[in-house]
Amino acid sequence: EIVHPDSRGVAQQFECSVCMCVVNEPLQTVCDHIFCAECISTCLACPTCRTAFGDGACKPLRDCNRPLMRMIHNLQVWCPYHAESKFVPPDEDESADDTEIVEDVDEPAAKRKRVDSCDWAGSYSDLLAKHLAMCQHHFVPCPRGCGRQVRRGGLEAHAPVCAKNFETCKLCHEAVRVGDMSQHRQDKAELHVQLLEARLAERGDGGDLQRSLDRIHERLANLESARVQPSLPAPSIWRWTVTNMPARLAATPKGRSIVSPGAYLCGHGPFKMKYYPNGNSQAPHGMSSLFCEGPAYLAARMRFSVGDWSQSSRRFHSYGSAQGYRLGPPVPIAVDSVTIVMELLQIEAFSETR
């Protein structure tokens, strides 16, 4: 998938018959076949000719055939994220790059046109030894340990929504930035009291219930008296700007969408918007479409706006599925960028599975 056309004839000689790619960390068998070290790590016989492997049957190619190893290293290749490469990167919707991606609902991933790509080309040895260690498009594990794979160039954008930067309030289950829990408890003290009252009422402790409530109200009064000034509420408005619209309109025909990074509103999230500049498959000609996907436990009222177009949902049932407007704003023609605004108006319900 990454070999330059000028080297493809030579590269076929160095194709691992197990993974069908250019050999990586090649081993040469006693029967003179070449495979990736990982591909035959569990094999008891040669996958090509079935010759049984004994002790010392496979040797690193760099030790037993250096001229052949140099030929492999000199193969001309593209970066796997080059526009002409056929390499299919990990599924960003799950692995989570927080940069914008193009999603195709009608075509397989291998046929999707890349909007952002790397222009690097060079030798196979330079690709493995140097380029992948610095390529901004290469996927790397989140350094904070959240388990997501993120493009190296998207690490900074991923930081504000990384799960490791948040902790869950034990009372209201909101996501709170690490270090802000004390401020959160002060800001949400009244809500916490209401939740505790409901839980204590379910337990039916009688007199113990009243004494517990008295202590809670006393603590709430102390918090209110100690507060010097009211703190600002958590952000409830999210603005997402899609740039380079002429190129994106050409790269996203009808039925294809641009997916935003994830964002948290009022401690809830992540929310993601899916914008179809040329409309989804059911949109009328000349109209774009806009959908939003939120956390699986939440139902809320939202407002969406794009330029002069604005819509407010009566009740946005998120619960993990995308909802929105098939008949959205007009197709953005002759503009360089589009700013989409989403506002969380009111939280109406939580699912029992939260």
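The values are calculated or read from the model by the stated rules, or taken from the named source; none is laboratory data. Fair warning: this is a prediction, and the values are worked out from it, not measured in the lab. Neighbour counts run over all protein chains shown; Cβ positions are idealised from the backbone, glycine included. Note: areas computed on protein heavy atoms with side chains; ligands, DNA, RNA excluded. Shrake-Rupley method; radii C 1.70, N 1.55, O 1.52, S 1.80 Å.
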Checklist entry - If Arg215, Arg50, Arg151 are ordered by their accessible area, calculated over protein heavy atoms with a 1.4 Å probe, which sequence runs from highest to lowest? => result Arg50, Arg215, Arg151
Checklist outcome for this item: A correct Karplus calculation of ³J(HN,Hα) over the stretch 22-27, with 6.51 cos²θ - 1.76 cosθ + 1.60, θ = phi - 60°, whole Hz and x for Gly and Pro, returns 4, 4, 10, 6, x, 10
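Can you figure out the FRET efficiency of Glu1 with Met134, using R₀ = 25 Å and their beta-carbon distance, to the nearest 0.05? Present the calculation step by step, with values, prior to reporting the outcome.
Working: r = 21 Å, r/R0 = 0.82.
Efficiency computed from Cβ-Cβ geometry: 0.75.
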Next on the checklist: Please list, ordered by chain and number, the residues whose modelled amide H lies under 5 Å from the amide H of Cys292; skip anything fewer than 5 residues away on the same chain.
Outcome noted: Lys274, Gln323, Gly324
Item to check | Per residue value of the accessible surface for the stretch 236-308 (all protein chains in place, 1.4 Å probe), Å² | outcome: 36
